[in-house]
Amino acid sequence: MNTVSGPLLEVENLTVSFPGRRGELRAVIGVSYSLDPQQTLAIVGESGSGKTVSCRALMGLLPQAAVVTGSARFQGDELLGLTDDELRRHRGTNLAMVFQDPSRSLNPTMKVGNQIAEAVRVHQRVTKAEAKKQAIELLRLVHIPVPGRRFHEYPHQLSGGMRQRIMIAIALACRPRLLIADEATTALDVTTQAQIMELLLELRAELGMTLMLISHDLGLARSCADEVIVMYAGQIVEQASTPQLFTHVRMPYTQALFEAIPRLERPAHSPLPVIGGRPPDLSALPAGCSFAPRCRRAADDCRTTAPPLAEHEPGHRWACWHPVGQGGPGGWVPPEGTVWHDVR
Amino acid sequence: MTSGKEPLLQVRDLVQEFVARDYGGVKGGVVHAVSGVSFTVWPGETLGIVGETGSGKSTLARSVLQAPRPREGTVTFRGTDLVKLRGSRLLQARRHLQMVFQDPFGSLDPKWKVRDLVAEPLIAYRVGDRAARLHRVDQVLELVGLDPAAHGGRRPRELSGGQAQRVAIARALAIEPAMIICDEPVSSLDVLIQAQVLNLFEQLRAELQLSYLFIAHDLALVKQVSDRVAVMYLGKLCEVGPGEAVYRQPLHPYTKALLDSVPGAANAKATKTIRGEPPSPVHPPSGCRFRTRCPRAEQRCADEEPAMRELAAGHSVACHFPLVPAADSQARSEEIIGEIPR
Amino acid sequence: MSAPLPDLLPAPDAASAVPVRTKARGQASPLRVWIPAGFLILLAAACFIWPQIYPVPKPVGGSILEAGLPPLSPGHILGTDPNGNDVLSRILYGGQVSFEVGFSVTAIGLVVGGLLGVAAGYWRGAADAAISRVLDVLIAFPALVLALVIAEGLGPSELHVIWALAIFSIPAFGRIARSGTLAIREQTYMLAARLSGSRGRHIILRHVIPNIMPQLMTFALLGFGIAIILEGALSFLGLGIPLPEPSWGSMIAQGQQVLSATPEQALIPSAFLFAAVVSLNVLGDALRERWGVR
């Protein structure tokens, strides 16, 4: 890992709120983290956790009404509060994003090759022929067979997995330093998902890219990421390296997520351990810890004061007054006999 | 969990096809969505069907319910073949077979209130008088964990995803079905809510002795909920068997590929994948439909379509070269990680 | 634990492609609904109720001695027309005609056209083919020519105007109803309703019609305005309400003849026509935004 030039991305106290009918809707609250070059970071959370909003803030993709404060520095350059022109300098060359639903992000009336070429020409002053050449090269990079022919096809002629590869090709048009994949594989089949994730990891190695994965899928985070951030109700509630998180969970919410996922090893008809309630209303967050109303371990101090996010163990941050496994080493360990289904 | 009685639902050689419309509405061929599917569901049993996009599982669900009627095949529910019935005879025969859909909001009329939505089947089937119906609506809302007083007067847009799906389930339960077909009922829900709704399904199953036909694309999910699991690919069933057996000893290469694609291992850097793209259901491959992506495919697979054979107790597979459970299973799995022909 | 959702959802975090449930509910302020609606109600009340309770001069049979009086003359707030009739009174009675024609044409279109469209869209097949052809034929008729023919053949009258305009109103509503029904038909809740055991008629009444109502109602408001204008045009051409019965259109025609001398004879009825139609349009637009009709 190249640490000479320092972290690639430094987010400090990022806060995003929207004016809502019943008050301010706080989508992201005081999010801070840093991303080193060539690292793979996964940001995990459910709907309303703020994971997508925080990343769109980095790319400057939020609606006008959004109020964004804090700082996000890409290699020292501030990303927040930029004008469109300034953003254009960063988008594509430094930061690029791949979205969830490729069928909605691709222009159905344009050939896919031209859409990639267009992305190339936005950032480089090249001829149409040169852009086409680069586009075909990008198609090859994302393992689309017979790229010369596929160049001329339209999105509806391609499968979901292929379309997502096209999206990746467009995002890679100018070899960005950081690629953000926002639920990029959620809408795809599991077999296609595996292929796309493998492709992203391969590209990361080949192009020296840094990868940020946004997902609700913990299994995906586990198999592909170096570092995982868990978000709830707009805040980071836990952050650790992947091996650390998956063996020593501390935050009760993260534990609840682990337990709620159906796993192949579980016998049929066994009830899933589940917590009741629903995520809080972002315009009326409770005082104290946002998760307290649903938390099994909540005590009075949880309901009055919000626990700060702090690095209680080296490389492992969490925000909880009564974390799992407190008072002893390690956190929650998966129950006896549980095997995370190994992918070989 | 078979109870030795008559099968509740018996589907034989179901075929469903659509005319494909190319971009622009021009006719482009026939989509062979379901091509000869047969299975049985016993009373009190849950059969899970797992398949990816294009497998035809949703079409299968709707064809069972005759919406629209399948092109060929028989669907025998409680002894009556639904395919042969029309109009009110079909409505009567189908009464105890209900469905819960993937999108909770899409399946609820946005202009209706929760109480009216749940009461609709009661009114359609003329169950009881007004007072009895109101009582039943409240009863069934409580059964799914909703407070009739708080939620009864709401419209779907005032509900969360989990609540809306509970309303859909309540509606399905109102006229006391024997079986509920669940088409990806939790796919649009968040992880924690998903778990809540799955537990609800289990609870209802136990309390009301329901059977389910549970359809999803997530194998772990299907296995969790089902007694037996069927794997579907491009309109055909590949493998059917008890959930544990299919998981521990998959016989069909596609099942193995599904299992191997589930992300979640600790240090997996080289995920095993099946290469190539899924073929189009308009032009399915000859013989075995999985052969174009299968590492074990040989000439015979292109010439002859494999029949469903029972290789172990209650565990059948449609494959010429199944992953035979034996001492050489280790050697076989190494074989699979070899060259995959395009 | 039933906190309702925040209205203004940020970019969806949903795990899969769940459609955004809360349609962008109108940013239209309530004023945009109530101001035009209030004006229309006042205008209709003035036209229909005022003459009943407050004596106004008759709109016809005025004496030539009082011809051409300017506005604000004693006894005639808006003056008199070249025939000596009180302008205000003619405006009010003419307004009755406009509202009657507009309402009748819209109502006929809504009910007849709406039902035909829903039937065609819901049952498809032969019914759809037949109904669509009928609607196509009706819509293909050249509007004014037909009105001309009817007026010539049957003589001009309010009723004939209504018939002539209804010939276009029916297919217009029919098409909207049909396309709305086709769109709704594909919704999952329609399938769910059928699986719940509901039959065709029940589904149409309770599911289809309530869901296409917003589209139909907003179209009805715009259509109302169009009907008023068309009636005005026909009367202007002498094919609508026969003189000396008042109609805004014929008043404009009369006023045109004396435009240089007394322009207010044409301007006053034009102003009322304009105000009525603009109000209908603004109201229709605001409701369309409010109800999220596309």
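Dividing the summed -39500 (n - 2.57) terms of all DSSP H runs of n ≥ 4 by the residue count of chain C sets its mean residue ellipticity at 222 nm at -21000 deg cm²/dmol.
Quick one: what do you get for segment C:38-129 if you divide its Cα Rg by 2.2 N^0.38 Å?
Details: Rg = 20.8 Å, N = 92, 2.2 N^0.38 = 12.3 Å.
Normalised Rg, Cα atoms only: 1.70.
Remark on segment A:66-167: Rg and Dmax equal 15.7, 47 Å (Cα only).
Please order B:THR40, C:THR188 by the number of other Cβ within 10 Å, starting at the fewest.
Working: B:THR40 16, C:THR188 19.
By the 10 Å Cβ count, ascending, the order reads B:THR40, C:THR188.
Highest mobility in the GNM of chain C, judged by mean-square fluctuation with C-alpha springs under 10 Å and restricted to C:LEU148, C:LEU191, C:LEU159, is found for C:LEU191.
Mind running the shape call on segment A:18-93? Use the C-alpha gyration tensor, a ≥ b ≥ c as the square roots of the eigenvalues: rounded below 1.5 for a/c, prolate if a/b tops b/c, oblate otherwise. In terms of gyration-tensor shape, oblate. Projected onto its three principal axes, the C-alpha set of segment B:101-176 covers 30, 22, 21 Å, listed from the longest axis down.
According to the Kirkwood relation over distinct C-alpha pairs, the hydrodynamic radius of segment A:108-179 is 11.9 Å. When shorter helices are ignored and each DSSP H run of at least 4 residues is given -39500 (n - 2.57), the per-residue value for chain A at 222 nm works out to -8500 deg cm²/dmol. For segment B:69-226, the square roots a ≥ b ≥ c of the C-alpha gyration tensor eigenvalues yield an a/c of 1.5 or more together with a/b not exceeding b/c, which makes the shape oblate. Label segment A:9-231 by shape, choosing from rounded, prolate and oblate, from the square roots a ≥ b ≥ c of the eigenvalues of the Cα gyration tensor; if a/c is under 1.5 it is rounded, and otherwise prolate applies when a/b is larger than b/c, oblate when it is not. It is prolate, given that a/c is not under 1.5 and a/b is the larger ratio.
Would you kindly calculate the translational diffusion coefficient of segment A:106-242, applying Stokes-Einstein with the Kirkwood radius from alpha carbon pairs, for 4 °C and a viscosity of 1.567 mPa s, and quote it in µm² s⁻¹ without decimals?
Details: Rh = 15.9 Å.
Rounded, D is 81 µm²/s.
Between beta-carbons, use under 13 Å as the cut-off and find the net charge around B:GLN102, counting Lys and Arg +1, Asp and Glu -1.
Working: positive: B:LYS57, B:ARG62; negative: B:ASP103, B:ASP183, B:GLU184, B:ASP218.
That sum, taken over residues with Cβ under 13 Å, equals -2.
Mind checking A:20-26 for the average number of partner chain beta-carbons within 10 Å of each residue's beta-carbon? Let's see the in-between values first.
Working: counts 5, 4, 5, 1, 1, 5, 1.
Mean number of neighbouring Cβ atoms from other chains: 3.
Dividing the mean sequence gap of close Cα pairs (under 8 Å, 6+ apart) by how many residues chain A holds gives a relative contact order of 19 percent. For chain B, relative contact order (Cα pairs under 8 Å, six or more residues apart, normalised by length) works out to 19 percent.
Based on the Cβ-Cβ distance from A:VAL67 to C:ALA130, what FRET efficiency comes out when R0 is 51 Å, to the nearest 0.05? Please report the intermediate quantities before stating the final value.
Details: r = 58 Å, r/R0 = 1.13.
Efficiency for this residue pair is about 0.30.
Projecting the Cα atoms of A:VAL11, A:LEU79, A:GLY113 onto the charge dipole of segment A:9-231 (Cβ charges, centred on the Cα centre) puts A:GLY113 farthest toward the positive pole.
In terms of overall dimensions, the protein assembly as shown has a Cα radius of gyration and Dmax of 33.6, 120 angstrom.
Considering only A:VAL126, A:VAL31, A:VAL324, the Gaussian network model of chain A with Cα springs below 10 Å gives its largest mean-square fluctuation to A:VAL126. Distance between the 7 Å Cα→Cβ label points at C:LEU65 and C:ALA183: 6.3 nm. Seen against the Cα atoms of chain C and their longest principal axis, helix C:209-236 is set at about 20 degrees. Run through every distinct alpha carbon pair of chain C and return the Kirkwood hydrodynamic radius in angstroms, one decimal place. Its Kirkwood hydrodynamic radius stands at 21.7 Å. In chain B, inverting the average of 1/r over every pair of distinct C-alpha atoms gives 21.5 Å as the Kirkwood radius. If you build a Gaussian network model of chain A, linking Cα atoms that sit under 10 Å apart, which residue out of A:VAL28, A:VAL53, A:VAL274 swings the most? Per the Cα network of chain A with a 10 Å cutoff, A:VAL274 tops the list.
Percent relative contact order of chain C, based on C-alpha pairs within less than 8 angstrom and at least six residues apart?
Values: 401 pairs, mean separation 68.7, N = 294.
Relative contact order comes out at 23 percent.
For chain B, what is the mean residue ellipticity at 222 nm derived from helices alone (per DSSP H run of n ≥ 4: -39500 (n - 2.57); sum divided by total residues; nearest 500 deg cm²/dmol)?
Working: 12 runs with 110 residues, N = 342.
Theoretical 222 nm ellipticity from helices: -9000 deg cm²/dmol.
For chain A, the longest principal axis of the C-alpha atoms and the axis of helix A:160-171 are separated by about 80°. Using Cα atoms only, what is the angle between the long axis of helix C:248-257 and the major principal axis of chain C, expressed in degrees (0 to 90) to the nearest 10? For C:248-257 against chain C, the angle is about 40 degrees.
Cβ-to-Cβ counts within 10 Å put C:SER104, C:SER29 in ascending order as C:SER29, C:SER104, the fewest first. Residues B:GLU142, C:GLU100 in ascending order of nearby Cβ atoms (within 10 Å, fewest first): B:GLU142, C:GLU100. Candidates B:THR40, B:ALA307, B:LEU146 compared by Cα position along the dipole of chain B: farthest toward the positive end lies B:LEU146, with charges placed on Cβ. Let's test the formula: R0 of 25 Å, r as the Cβ-Cβ distance of A:LYS128 and A:SER34. What FRET efficiency results, to the nearest 0.05? That gives a FRET efficiency of 0.05.
Readers should treat all values here as calculations from the given coordinates under stated rules, not as data from a laboratory. Just so you know, these numbers come straight off a predicted model, no measurement behind them. We place every Cβ from the backbone using ideal geometry, glycine too, and count neighbours over all the protein chains shown.
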